[in-house]
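To start, the structure itself, in structure tokens.
The values are calculated or read from the model by the stated rules, or taken from the named source; none is laboratory data. Please read all numbers here as calculations on a predicted model, not as lab measurements. With ideal geometry, Cβ positions are generated from the backbone for all residues, glycine too; neighbour counts draw on all protein chains shown.
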Amino acid sequence: MNGLAKLLGVKEFNQWQIHWLPDDPVMILSVLGLVIPLALWFFWTSLNRVSSRIRKLLLFSLRLGTFALLLLILFKPELEFRKSQSLKNSIAVLIDNSKSLSIKTKIVGDETSRIDLIKNTLEAKAPYLENLGKVFNVDYYFFSDEINKVGAGAVKNGYRPHRPYTDLTLVFDELAAQYQGKSLQGVFLFSDGADLTEESGEISLNLAEQLKKLGSPVHAMQAGSNEGFKDLAIEAVSASDFGFVQQPIRISLTVFSSSLGNRNIPLVLKEGDRILVSKIVEVREDTKRLEVELEFTPTNVGKKIYTLSLPKFAGEFIHTNNEREIDINVVRDRIRVLHLNGRPSWDSRYLREVLAHNPKVDLLSFFILRNLGDDVEAPVSELSLIPFPSNLLFDDYLSSFDLVVFQNFKYDPFIDKKYLDNIRKYVRNGGAFLMIGGDISFQGGGYSQTPIEEILPVSFRDNSKPFQDDAFQPVLNEEFSRHPILRLEKDLKLNKNAWQSLPPLQGINMGLLPDKNAHVLAWYANGKELPLLVTGSFGKGRTALLATDSVWNWNFRSVGGGGSGRYFQKFWNNVIDWLIAEPETRRLQLESDKERYREGEQALIKLKLLQKNYQPAVGVAAKLILKPILVKPEKKTVYDLKTDEQGEAVFPFLPDGQGFYTAQIQAGLEAESLTEEIMFSVLRDTAEFEKPLVNDTLLKKISEITGGEHHLLTGEDDLSVYKFPNPDVQVKSYSRSFSLWDNWWAYGLVMGLLVMDWYLRRKSGLS
């Protein structure tokens, strides 16, 4: 065969084998055992007329050879040359590097960390592992929520407990994939078994499946024990990511206690330095876990940080789990709107419907049904359907409203003039105010030279006819085409068409002069430049006015003409959103790509800056101030940014560590200073500290399922007792096949034999 290999040019191969078409050799032998005797008998008897014995034998041999060749072709034989080599089998050493390995444990009365147990064992048994590596491939891996192959020296130089948690199902899945088609003779698993994905006392079906797929014994080297483990921990916290202001928020948590005896322990919930809730938890020696519920009511909106804490006792193996910080975004459940109507009208009716049907709005609306000019026999105090609660609305509860609307409302005699100053203070502190026109609004309502005129973005001129009943089509101010209030459609062209499609309005308030910093969004267009829709700011709040009481036409006439009233609803929703300063209506917008990051994860801060007309503010310098919260001394970092052609800027950075951070943007634009601030958090990857016990049950079951051994590390461990068979394995590295039937020489040989048979038969006088 060596000669044939040289002839075929495959002398580097060291093994060969013939393959037949039928894989079952029994079938081949059965066929040959039946056919060959019949063929031999037929060939020999057909040559009875040949007198020469030599010629008879020659003809018989030719026929037999031809027959044999045809049988070979029928079974399609292939000759395979292989080169195989002997390779070492593998042993995997898995070393846990999750954070729970830093927890202390008691071994033979002494305290040490779990990771030191593993380090000391591996360093002490390094000679054994080196000798094992002479006959096996010994592969080292660090694992936690991932698995990474490392060198033997990494244990001494780069081994530390820093990964957030352990996921053994993932680890063994990836390990099985790495050794697929290879011979893995065994696994050393150095771990405390603190896998939070596995229930205590059980092993998941997924993990069991991965272990069976691995097909190798796993020897579990347990690092640490629970004997004498002393700890008090907030093990788990369940709370909503958001809550509603002035509504109770419930927090559920589990308190874990070990080896602390019977104690009454205070559990405290704080916001900053202010204690919100304090509760006594009765810890008992025979009960390790207690379910506790706390409830509190937030008083103001915003993203809040709350701290849950338990006292720290001397002798605890770990203190970091005695305290937990959570963040809850406290929002208003609905927008509270106070709506005052001077008299019933179609405009007030349709606006009230929009407000009442908006699920985001909590509406309090008052209609004045009788006025001073009405001829009724009743005292002035009874000119409303019910006594008007001006002291409650504009003194006690004014700050609870997000928006105050005066719609064609004359305040006197229903509101004492002194309460108008309360409205001014309310807006200055961040409230929102809207005045809608009509004949008893603005000057007609007696608001000249009052705090209401001060907060509105217009001044009232002396005019004998403050209201004019004209039909007109409003004209939009092109400068403010991108203003959120005017955006009935997202596309600018479609938006312009939408405004042009609206029915005309009827009636305009005269004598209104826009302030210097006012934004006139729309004008009265019958030859007189009178402001129709104007916005402005006062202190921290926003104000707006609409100098007509006929916007209801956009709903009534549109629907009556077979159209839709959605633009009417969209307009008023836009007005409300802008007045209460929803985030998308702010000129400086700031956000992070996430609210919560993991340790070591890059954060991305995005800002968008708009001019007063809501066009992109291009090339404007801004300062980004990053500051950790609850860190003393206070530390902040300032970065200089500049907006691009879209008025945007992006800043990626890596937070210094776990905790809560604020990102503040300061930008000067058009003689105005804009500031916006957000908060985000970097989660502490200390989930394993919340459930710090060694899971010896899990490690024992892993060994049991795989046929391995379980061993508790003590620092004096003999790994040489673990034996691994078959130090090497034959591996086929590559091969080459040659067909023995579908080639020219096979068929040529058959034809040659047939021709010789025919010639000799003719010479012998046979047909």
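Select, from Gly708, Gly715, the only residue that is of a type outside the set (Phe, Trp, Tyr) and modelled with pLDDT of 85 or more. Before you say what the answer is, go through the steps one by one.
Numbers: Gly715 fails: modelled with pLDDT of 85 or more.
The conditions single out Gly708.
Within segment 161-261, which strands (runs of 3 or more DSSP E) (wholly inside it) include 2 or more residues that are of a type in the set (Phe, Trp, Tyr)?
Here the list reads 184-191, 242-244.
Checking Ile305 against (1) part of a loop (DSSP other than H, G, I, E, B); (2) in contact (Cβ under 8 Å) with a residue 60 or more places away in the chain, which test does it fail?
The single condition Ile305 does not satisfy is (1).
Which of the residues belonging to segment 170-206 are of a type in the set (Gly, Ala, Ser) and surrounded by 15 or more Cβ atoms within 10 Å (Cβ to Cβ)?
Once the filter is applied, which keeps residues that are of a type in the set (Gly, Ala, Ser) and surrounded by 15 or more Cβ atoms within 10 Å (Cβ to Cβ), segment 170-206 yields Ala176, Ser183, Gly186, Ser191, Gly193, Ala194, Ser204.
Looking at Ser257, is it buried (at least 19 other Cβ atoms within 10 Å of the Cβ), in contact with a strand residue (DSSP E or B) (Cβ under 6 Å, 6 or more places away or on another chain) and of a type in the set (Ser, Thr, Tyr)?
yes
Look through segment 618-637, keep the residues that are among the β-branched types (Val, Ile, Thr), assigned to a loop (DSSP other than H, G, I, E, B) and at pLDDT 90 or above, and return whichever of them is nearest to Thr307 (Cα to Cα).
Out of the qualifying residues, it is Val620.
Tell me, yes or no, whether segment 384-400 has at least one residue that is outside any helix (DSSP H, G or I), under 30 Å from Gly272 (Cβ atoms) and either among the basic types (Lys, Arg) or modelled with pLDDT of 85 or more (or both). Give the derivation first.
First, the residues of segment 384-400 that are outside any helix (DSSP H, G or I): 384-389, 397.
With under 30 Å from Gly272 (Cβ atoms) added as a condition, the list becomes 397.
Keeping just the survivors that are either among the basic types (Lys, Arg) or modelled with pLDDT of 85 or more (or both) gives 397.
Yes - at least one qualifying residue is present in segment 384-400.
Yes/no per residue for (1) of a type in the set (Gly, Ala, Ser); (2) in the same structural domain as Val534 (by TED's automatic domain parsing); (3) farther than 29 Å from Leu588 by Cβ:
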| position | (1), (2), (3) |
| --- | --- |
| Phe472 | no, yes, yes |
| Leu476 | no, yes, no |
| Ser481 | yes, yes, no |
| Leu492 | no, yes, no |
| Ser501 | yes, yes, yes |
| Asp515 | no, yes, no |
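Can you name the residue in segment 704-722 that is touching a residue at least 60 places away in the same chain (Cβ under 8 Å) and in a helix (DSSP H, G or I) and is also surrounded by the fewest Cβ atoms within 10 Å (Cβ to Cβ) among such residues?
Ser720
What number of residues in segment 106-141 are small (Gly, Ala, Ser), assigned to a helix (DSSP H, G or I) and within 30 Å of Glu316 (Cα to Cα)?
1
Out of (1) outside any strand (DSSP E or B); (2) β-branched (Val, Ile, Thr); (3) within 34 Å of the chain's Cα centre (by Cα), the odd one out for Thr287 is which?
Checking Thr287 against (1) outside any strand (DSSP E or B); (2) β-branched (Val, Ile, Thr); (3) within 34 Å of the chain's Cα centre (by Cα), the one that fails is (3).
Please pick out the residue among Leu276, Leu267 that is over 30 Å from Ile678 (Cβ atoms) and either over 28 Å from the mean Cα position of the chain (by Cα) or assigned to a loop (DSSP other than H, G, I, E, B) (or both).
Details: Leu276 fails: over 30 Å from Ile678 (Cβ atoms).
When all the criteria are applied, what remains is Leu267.
Among the numbered criteria (1) under 36 Å from the mean Cα position of the chain (by Cα); (2) modelled with pLDDT of 90 or more, which one does His339 miss?
Evaluating His339 over (1) under 36 Å from the mean Cα position of the chain (by Cα); (2) modelled with pLDDT of 90 or more leaves (1) as the failure.
Does Ser441 meet the test of being outside the structural domain of Leu610 (by TED's automatic domain parsing), of a type in the set (S, T, N, Q) and buried (at least 16 other Cβ atoms within 10 Å of the Cβ)?
Criteria met by Ser441.
From Gln506, Gln500, grab the single residue that is of a type in the set (S, T, N, Q), surrounded by fewer than 22 Cβ atoms within 10 Å (Cβ to Cβ) and outside any strand (DSSP E or B).
Gln500
Could you identify the single residue in Glu295, Glu316, Glu271 that is of a type in the set (Asp, Glu), surrounded by 14 or more Cβ atoms within 10 Å (Cβ to Cβ) and either over 27 Å from Leu693 (Cα atoms) or not assigned by TED's automatic domain parsing to the domain that holds Val237 (or both)?
Glu271
Based on this model, can you work out whether Ser278 counts as of a type in the set (Gly, Ala, Ser) and more than 30 Å from Phe394 (Cβ to Cβ)?
On the way: of a type in the set (Gly, Ala, Ser): yes; more than 30 Å from Phe394 (Cβ to Cβ): yes.
Yes; evaluated as a whole, the condition is true for this residue.
Of all residues in segment 233-279, which are modelled with pLDDT of 85 or more, polar (S, T, N, Q) and on the phi > 0 side of the Ramachandran plot?
Result: Ser259, single match.
When you check Ala152 against the structure, is it assigned to a loop (DSSP other than H, G, I, E, B), in the same structural domain as Ser98 (by TED's automatic domain parsing), touching a Leu at 6+ places or on another chain (Cβ under 8 Å) and under 22 Å from Ser90 (Cα atoms), yes or no? Reasoning before the result, please.
Values: assigned to a loop (DSSP other than H, G, I, E, B): yes; in the same structural domain as Ser98 (by TED's automatic domain parsing): yes; touching a Leu at 6+ places or on another chain (Cβ under 8 Å): yes; under 22 Å from Ser90 (Cα atoms): yes.
Against the criterion (assigned to a loop (DSSP other than H, G, I, E, B), in the same structural domain as Ser98 (by TED's automatic domain parsing), touching a Leu at 6+ places or on another chain (Cβ under 8 Å) and under 22 Å from Ser90 (Cα atoms)), Ala152 qualifies.
Could you check Leu488 against (1) within 44 Å of the chain's Cα centre (by Cα); (2) over 25 Å from Ala671 (Cα atoms); (3) outside any loop (DSSP other than H, G, I, E, B) and say which number it fails?
(3)
Could you list all residues from segment 461-480 that are in a loop (DSSP other than H, G, I, E, B) and in contact (Cβ under 8 Å) with a residue 40 or more places away in the chain?
The answer is Arg461, Asp462, Asn463, Lys465, Pro466, Gln473, Pro474, Asn477.
Is it fair to say Val638 is touching a residue at least 24 places away in the same chain (Cβ under 8 Å), hydrophobic (A, V, I, L, M, F, W, C) and not assigned by TED's automatic domain parsing to the domain that holds Lys496?
No, not satisfied.
Taking the conditions exactly as written (surrounded by fewer than 20 Cβ atoms within 10 Å (Cβ to Cβ) and under 22 Å from the mean Cα position of the chain (by Cα)), does Phe556 satisfy them or not?
no
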